[in-house]
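Only one structure is covered here, and it is reproduced in the block below.
The values are calculated or read from the model by the stated rules, or taken from the named source; none is laboratory data. These numbers were taken from a predicted model, which means no experiment stands behind them. Neighbour counts run over all protein chains shown; Cβ positions are idealised from the backbone, glycine included.
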Amino acid sequence: MLFPLIMFAVFILYIINTMADAFCARREVPTEKQAKVFRVTNICLTILLTSTYVKLFFT
């Protein structure tokens, strides 16, 4: 059960990062601010995916 969850998490991170890149390109976000956009997005997604893991396996 752990392997599918990890594959799902990697897939979700890839898709969201692709959408964040498209957002930065469309809105013409400066390069120095793009790093912050990706960092915040990835931290929020990691928290979300970790809480999903905890909820699935520890409740």
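Worth a mention:
- Selected residue [outside any helix (DSSP H, G or I) and either among the basic types (Lys, Arg) or out of contact with any Cys (no Cβ under 6 Å at 6 or more places or on another chain) (or both)] from Val29, Val10: Val29
- Sole residue being surrounded by 10 or more Cβ atoms within 10 Å (Cβ to Cβ), at pLDDT 95 or above and out of contact with any helix residue (DSSP H, G or I) (no Cβ under 8 Å at 6 or more places or on another chain), chosen from Thr18, Thr50, Thr41: Thr18
- Phe23 being at pLDDT 95 or above and either surrounded by 12 or more Cβ atoms within 10 Å (Cβ to Cβ) or in a helix (DSSP H, G or I) (or both): yes
- Of the residues making up region 13-59, those that are without any contact (Cβ under 8 Å) to a residue 12 or more places away in the chain, over 24 Å from Leu2 (Cβ atoms) and among the hydrophobic types (A, V, I, L, M, F, W, C) are Met19, Ala22, Ala25, Val29, Ala35, Val40.
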